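Have a look at the structure that comes next, please.
Read the figures in this text as sums done on the coordinates, not as results from a lab. Just so we're clear, the structure is a prediction, and the values are computed from it rather than from any experiment. Note that we place each Cβ from the backbone using ideal geometry, even for glycine, and neighbour counts take in every protein chain shown.
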Amino acid sequence: MGKPVIAITGPEKGAFGPRSLVALMVRWYGGTPLQLRPSQHARLSDLVFEGVVVTGGHDIDPVLYAAEPEVVPKYDTARDTLESAVIDHALNRGIPLLGICRGAQLLNACLGGSLHQDIQRRRRRTSNRRTLLPLKTLVLEQPGLLARLLGPGPCRINSLHNQAIDRLGMGLQVVARDLDGIVQAIEDPHQRYLLGVQWHPEFLIFMSRQRRLFQDLLQACREAQ
């Protein structure tokens, strides 16, 4: 059994950017990171990987969920195209997938769901301040993959997003929210590992609960080999 190859998408932002930190976790748990870039879209079918992590970044173009723009556009069409193809590839082949922030939103859109394009006005009990620190509260709603990984009770998370999941995509269920009821995690209960989280666990790897998301992804890839 070889090292699982994990395809990682997202912007390149140096040694401490999301892609680099995810790659660190992949190596830490015995995998090989494969950094994907929009230029590789045309030869995606030639690449071999056992797992996928789609990281955060710009807003998703609302055309992908048949909506009109409601905010000043900050889109990355090249990323949308690549990552939609990567997600479809993973879904069609049952490849374990972790979507982080934008990645969770795009996963939901690829399965027919939609997004709230601006969550600021939906905040009542929590601040809309963006922070890398675990200053917000995650409330688990039901048993499942995420509950098994994080354990019982509320969990502290960070928050960098200005959009969030609205209508759920096919086969997905909400498994966690924040104190304002905004969706923070989705998963497919019929898949070994198909998980989308709205926060950024790659910036919280000093917390053992957060590292488990990456550890179990690698384990699911080994089981599928």
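Please compute the length gained on full extension between residue 223 and residue 58, using 0.36 nm multiplied by the number of residues separating them and subtracting their Cα-Cα distance.
Contour length minus Cα-Cα distance gives 56.1 nm.
Okay, moving on. Which of these, 54, 22, 174, has the largest mean-square fluctuation under a Gaussian network model of the chain (Cα springs below 10 Å)?
Checking each option, the largest mean-square fluctuation is seen for 174.
Taking 8 Å as the Cα distance limit and 6 or more residues as the minimum spacing, I'd like the relative contact order of the range 89-225 as a percentage.
Relative contact order for the range 89-225 comes out at 31 percent.
Please state the shape class of the range 1-104: rounded when a/c is under 1.5, otherwise prolate if a/b exceeds b/c and oblate if not, all from the C-alpha gyration tensor.
Prolate is the answer for the range 1-104, as a/c is 1.5 or above and a/b outweighs b/c.
Follow-up. Using a 10 angstrom cutoff on alpha carbons, build the Gaussian network for the chain and name the most mobile of 123, 102, 19.
Residue with maximal mean-square fluctuation among 123, 102, 19: 123.
Considering only 52, 72, 86, give the residue with the highest GNM mean-square fluctuation for the chain, with springs between Cα atoms whenever their separation is below 10 Å.
Among 52, 72, 86, the largest GNM mean-square fluctuation belongs to 72.
Also, quick follow-up: If R₀ is 30 angstrom, what is the calculated FRET efficiency for the pair residue 67 and residue 130, using the beta carbon separation as r and rounding to 0.05? Could you put the intermediate results ahead of the total?
On the way: r = 23 Å, r/R0 = 0.77.
Given R0 = 30 Å and the Cβ-Cβ separation, E is 0.85.
Moving to a separate point now. Under 12 Å Cα-Cα from residue 136, which aspartates and glutamates qualify once same-chain neighbours fewer than 8 residues away are excluded?
178, 180
Taking every alpha carbon pair in the chain, what does the distance histogram look like in 5 angstrom bins from 0, in percent?
Cα pair-distance distribution for the chain, in percent: 1, 7, 16, 21, 22, 18, 10, 4, 1, 0.
Any idea which of 109, 31, 55 is furthest toward the positive side of the dipole for the range 1-110, if Lys and Arg beta-carbons carry +1 and Asp and Glu beta-carbons -1?
31
What is the dipole size for the chain, taken about its Cα centre, with +1 at each Lys and Arg Cβ and -1 at each Asp and Glu Cβ, in debye to the nearest 20? Please list the in-between numbers first.
On the way: 27 positive and 21 negative charges, 174 e Å.
So the dipole magnitude of the chain works out to roughly 840 debye.
For n ≥ 4 DSSP H runs only, could you compute -39500 (n - 2.57) per run for the chain, divide by its residues and tell me the 222 nm figure to the nearest 500?
Computed ellipticity for the chain at 222 nm equals -8500 deg cm²/dmol.
On to the next question. Give me the lysines in straight-line cross-link reach of residue 74: C-alpha distance below 24 Å, same-chain residues under 8 apart excluded.
13
Please work out the FRET efficiency for the pair residue 81 and residue 28, using the Cβ-Cβ distance as r and a Förster radius of 25 Å; give the result to the nearest 0.05.
So the FRET efficiency works out to roughly 0.25.
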